[in-house]
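Bear in mind that the values in this text are calculations on the coordinates, not laboratory data. Here the structure is a predicted model, which means the values were calculated and not measured. Cβ sites come from the backbone with ideal geometry, for glycine too, and all protein chains shown count toward neighbours.
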2 protein chains.
Amino acid sequence: MKATVVVTLKPEVLDPQGDAVRRALEKLGFQGVKGVRVGKLIEIELDDAQARAPGVADKLRKMADELLANPVIEDFDVKV
Amino acid sequence: MKATVVVTLKPEVLDPQGDAVRRALEKLGFQGVKGVRVGKLIEIELDDAQARAPGVADKLRKMADELLANPVIEDFDVKV
């Protein structure tokens with residue numbers, strides 16, 4: 001089973017990488033881009049036993065909270 | 001309008017970052033993780049004129065192809 005964890009910067013945190021992308025798009029001639037934010041998408045392949053175990057979403061949230069995201073500056077969303 | 005571009009490594013390309021995450025999850029005691037792949041999620045905020053313009057999806061694909069992804073090793077998916 002494949003689960004996905006999406007990690008994004010909290011809205012109040014500045015994103016210099018996203019700003020650089022926005023400026024680069026402008027230079028390439030793409031107009032009308034108001035803002036860009038860059039996040040991470042982590043695909044986790046679980047074996048069948050884990051995938052069928054109860055509380056798999058909670059386990060994925062724990063993974064995200066402990067390792068995949070920095071909860072001080074990032075939000076995460078788990079999709080099972 | 002907010003559009004999302006998801007950039008992932010092609011399946012045949014090795015992902016050392018994902019492997020490092022998999023090993024770290026194992027060390028933290030999370031069992032049953034067979035594989036991890038790390039990709040990027042780019043949120044693009046377009047102004048209303050651009051969002052209503054025809055061919056906005058094509059334009060976003062062009063952005064992804066020219067700047068956001070490296071088509072040699074990465075795939076991308078545009079969600080408008």
Seminar exercise, completed: Checking B:17, B:50 in turn, the sole residue that is part of a helix (DSSP H, G or I) and closer than 19 Å to residue A:69 by Cβ turns out to be B:17
For this session: Give the residue that is farthest from the chain's Cα centre (by Cα), with candidates limited to residues of segment A:33-60 that are surrounded by 21 or more Cβ atoms within 10 Å (Cβ to Cβ) and closer than 10 Å to residue A:1 by Cα.
Result: A:46
Problem set entry | Selection count where residues are facing chain A (nearest Cβ under 7 Å), within 14 Å of the chain's Cα centre (by Cα) and surrounded by fewer than 19 Cβ atoms within 10 Å (Cβ to Cβ), scope segment B:5-32 | 0
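Count, please, the residues in segment A:32-79 that happen to be of a type in the set (Asp, Glu) and either on the phi > 0 side of the Ramachandran plot or in contact with a Leu (Cβ under 9 Å, 6 or more places away or on another chain) (or both).
3
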For this session: Would you tally the residues in segment B:60-79 being among the aromatic types (Phe, Trp, Tyr) and not in a strand (DSSP E or B)?
Result: 0
